[in-house]
Amino acid sequence: METVQNFINGQISESNSQRFSPVFNPATGEQTRQVVLSNEAETEAAIAAADSAFPAWSKTSPLKRARVMFAFKALLEANMDRLARLISNEHGKVYSDAIGEITRGKEVVEYACGIPHLQKGEHSANVGTGVDSHSLMQPLGVCVGITPFNFPAMVPMWMFPIAIATGNTFVLKPSEKDPSFALELADLLKQAGLPDGVFNVVNGDKQAVDVLLTDPRVQAASFVGSTPIAEYIYSTASAHGKRCQALGGAKNHCLLMPDADLDMAANAIMGAAYGAAGERCMALSVVVAVGDETGDQLVEKLQAQIKEMRVGPGIVDGPENDMGPVVTAQHKAKICDYITAGEQQGASLLVDGRHLTVDGHEAGYFVGPTLFDNVTPEMTIYQEEIFGPVLVVVRVPNYQTGLDLINNHEFGNGTAIFTRDGESARQFSEDVLAGMVGINVPIPVPMAFHSFGGWKRSVFGPLNVHGSDGVRFYTRMKTVTSRWPASVRLEEHASSFAMPTM
């Protein structure tokens, strides 16, 4: 059986580890390959390769680093179809969603192409008599990224393009559930001209992660995943003197006002709740409906649309499915347990996705779109992140009660309001305790030139990913204050009439 190996110092590195994890096609339930779970020595070899490559890469001109990013971007575009199919077959999401994921990751690569401008420092002349000051934004050294299964392309590309463009070297530890895409990234970066050792991939589990978080050569760690693991990553990395950004869980609410365009809102909520089978940290999983009439109209529209949804494999001949399987059998069972808990705790189960079967794919990990009404805050399906195609509706009497409900939840990743009233929208965007806010936009994921990150227990660390925060995270400021003697000897130089180049 094919084994997904590591990529260290510019080449595939055969592992000596005797531990492996199976990789499945979620649509069929069949094991397609296995991935090595690296030992400490192999993880340290990846760090050593990155550490050795850092001195030369950090001194490489920002313009040359940007040219590697430009070439990498072109290769992503040229290989888009093949890469999207790999994601669909290993993660389960539908083809168009896989294309969208790669595209959003590529936008961060495009942002990193501007690094000669983004990494410029500042200069002040005559801060004192004959004294000037200027600042340098210098790279950190070896950086690591620990990424989740739900976005094998986009989340790594939130991290390494900016890290590499700013002059750092990088070790990526992808999810063992869908690890193959990481090696494709490594191959494309090598084709783009990235020097060996600048980007490395080490596959593994907690054993590899703990080495990455404690090795003194590693300077910074980035993570996206669940809140308990994010908190562990942040506390461990910080205790070992590393800069860390760790993005955790979410329970994203939308506040549905009585004056909203309900047809538009229902369409938006459907895609935000059930796209990618709900396996998104920005999935909209709670609708807070203001007033019973608003709630009644919404659930009627949602039920009608759910009946028309096509659920099946991510890659098909003919019309594309709306939703694919979830990632593993274990995750399917966990989602079904949440649905059972919601039913037992008294929520109104309007649409039950536990017993869905797909013809020809009976062994696939499919959970149908599920809808709960009359959910209350003490219920497990309200409190915890389900990470599946489960949407819950909570009813409140007015705007302030809805806002308070959202603000009292432990997570504060993203939120949205649907309304025609500008005053309500403006007040909500100011008062809601969440890091990303949508106004009639259900999934308010910022573009690459802004930064992505939540509040409360959805994030650990002061700086978010990509955008200006990403550049700040992967660089450190050095300020130089200088005075030169007045009698500097003038040297003669030969004349040159050619256009100056690097």
*Can you tell me which of S482, S468, S495 is of a type in the set (S, T, N, Q) and assigned to a loop (DSSP other than H, G, I, E, B)?*
S495
*In this structure, is Y274 open to solvent by 10 Å² or more (accessible area, probe 1.4 Å) and part of a helix (DSSP H, G or I)?*
no
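State whether the residues of region 328-347 include one that is of a type in the set (G, A, S), under 26 Å from the mean Cα position of the chain (by Cα) and under 23 Å from N150 (Cβ atoms). Spell out how you get there, then give the answer.
Initial filter on region 328-347 (of a type in the set (G, A, S)): 329, 333, 341-342, 346-347.
Adding the requirement that they be under 26 Å from the mean Cα position of the chain (by Cα) leaves 329, 333.
Restricting the remaining residues to those that are under 23 Å from N150 (Cβ atoms) gives 329, 333.
Scanning region 328-347, I find at least one residue that is of a type in the set (G, A, S), under 26 Å from the mean Cα position of the chain (by Cα) and under 23 Å from N150 (Cβ atoms), so the answer is yes.
Part of a helix (DSSP H, G or I) and in contact with an Asp or Glu (Cβ under 7 Å, 6 or more places away or on another chain) - does that describe any residue in region 17-39?
No, region 17-39 contains no residue that is part of a helix (DSSP H, G or I) and in contact with an Asp or Glu (Cβ under 7 Å, 6 or more places away or on another chain).
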*Looking at (1) of a type outside the set (A, V, I, L, M, F, W, C); (2) open to solvent by 10 Å² or more (accessible area, probe 1.4 Å); (3) farther than 30 Å from M477 by Cα, find the lone condition where S135 falls short.*
(3)
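Is it the case that S235 is open to solvent by 50 Å² or more (accessible area, probe 1.4 Å), small (G, A, S) and under 20 Å from V465 (Cβ atoms)? Show your work before the answer.
On the way: open to solvent by 50 Å² or more (accessible area, probe 1.4 Å): yes; small (G, A, S): yes; under 20 Å from V465 (Cβ atoms): yes.
Against the criterion (open to solvent by 50 Å² or more (accessible area, probe 1.4 Å), small (G, A, S) and under 20 Å from V465 (Cβ atoms)), S235 qualifies.
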*asked:* Going residue by residue through region 112-129, is there one that turns out to be closer than 30 Å to G275 by Cα, in contact (Cβ under 8 Å) with a residue 40 or more places away in the chain, assigned to a helix (DSSP H, G or I) and open to solvent by less than 10 Å² (accessible area, probe 1.4 Å)?
replied: yes
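If I filter region 448-462 down to residues being touching a Gly at 6+ places or on another chain (Cβ under 8 Å) and of a type outside the set (G, A, S), which single residue comes out as least open to solvent (accessible area, probe 1.4 Å)? Step through it out loud before you land on a result.
Narrowing region 448-462 to residues touching a Gly at 6+ places or on another chain (Cβ under 8 Å): 448-460.
Filter once more, keeping what is of a type outside the set (G, A, S): 449-450, 452, 455-457, 459-460.
Details: F449: 130, H450: 109, F452: 2, W455: 121, K456: 73, R457: 81, V459: 23, F460: 30 Å².
It comes out as F452.
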*Regarding A74, is this residue at pLDDT 95 or above, surrounded by fewer than 16 Cβ atoms within 10 Å (Cβ to Cβ) and part of a helix (DSSP H, G or I)?*
yes
*How many residues are under 14 Å from N374 (Cα atoms), touching a strand residue (DSSP E or B) at 6+ places or on another chain (Cβ under 7 Å) and in a helix (DSSP H, G or I) when one looks only at region 285-304?*
5
*Here are some residues: V437, V441. Which one is part of a strand (DSSP E or B), within 27 Å of G278 (Cβ to Cβ) and under 22 Å from the mean Cα position of the chain (by Cα)?*
V437
*Filter result for the condition that a residue is over 18 Å from T415 (Cβ atoms) and in a loop (DSSP other than H, G, I, E, B), over G249, G241*: G241
*Could you tell me whether S429 is polar (S, T, N, Q), out of contact with any His (no Cβ under 6 Å at 6 or more places or on another chain) and open to solvent by less than 30 Å² (accessible area, probe 1.4 Å)?*
no
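To keep it simple, each residue is scored yes or no on (1) among the polar types (S, T, N, Q); (2) in contact (Cβ under 8 Å) with a residue 24 or more places away in the chain; (3) in contact with an Asp or Glu (Cβ under 6 Å, 6 or more places away or on another chain).
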| site | (1), (2), (3) |
| --- | --- |
| T357 | yes, no, no |
| A416 | no, yes, no |
| A448 | no, yes, yes |
| G454 | no, yes, no |
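Provide a single number: the residues in region 197-223 that are closer than 20 Å to S38 by Cα and either open to solvent by 10 Å² or more (accessible area, probe 1.4 Å) or among the acidic types (D, E) (or both). Steps first, answer last, please.
Step one: filter region 197-223 for residues closer than 20 Å to S38 by Cα, giving 197-218, 221-223.
Filter again for either open to solvent by 10 Å² or more (accessible area, probe 1.4 Å) or among the acidic types (D, E) (or both), leaving 205-207, 209-211, 214-217, 223.
Selection size over region 197-223: 11.
So that you can scan it fast, the table gives a plain yes or no per residue for (1) hydroxyl-bearing (S, T, Y); (2) more than 29 Å from R217 (Cα to Cα):
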position	(1), (2)
E2	no, yes
S17	yes, no
R33	no, yes
E40	no, no
*Could you identify the single residue in L298, L284, L255 that is open to solvent by less than 10 Å² (accessible area, probe 1.4 Å), at pLDDT 95 or above and in contact with a Ser or Thr (Cβ under 8 Å, 6 or more places away or on another chain)?*
L255
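Which of the residues that make up region 87-98 are buried (at least 18 other Cβ atoms within 10 Å of the Cβ) and out of contact with any Leu (no Cβ under 9 Å at 6 or more places or on another chain)? Give the derivation first.
If we filter region 87-98 for residues that are buried (at least 18 other Cβ atoms within 10 Å of the Cβ), which is where we start, we get 87-95, 97-98.
Of everything in region 87-98, those that are buried (at least 18 other Cβ atoms within 10 Å of the Cβ) and out of contact with any Leu (no Cβ under 9 Å at 6 or more places or on another chain) turn out to be I87, S88, N89, E90, H91, G92, K93, V94, Y95, D97.
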*Residue check, T103 against (1) more than 27 Å from L140 (Cα to Cα); (2) in contact (Cβ under 8 Å) with a residue 40 or more places away in the chain; (3) among the β-branched types (V, I, T), all met but one. Which one?*
(2)
*Quickly run through region 301-334 and pick out the residues that are among the charged types (D, E, K, R) and crowded, with 19+ Cβ neighbours inside 10 Å.*
D322, K332
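The values are calculated or read from the model by the stated rules, or taken from the named source; none is laboratory data. No experiment lies behind these values; they were computed from the predicted model shown. All Cβ positions, even for glycine, are placed from backbone atoms using ideal geometry, and neighbour counts span all protein chains on display. Each accessible area value is taken on the protein alone, full model and side chains, heavy atoms only, with ligands, DNA and RNA left out. Shrake-Rupley method; radii C 1.70, N 1.55, O 1.52, S 1.80 Å.
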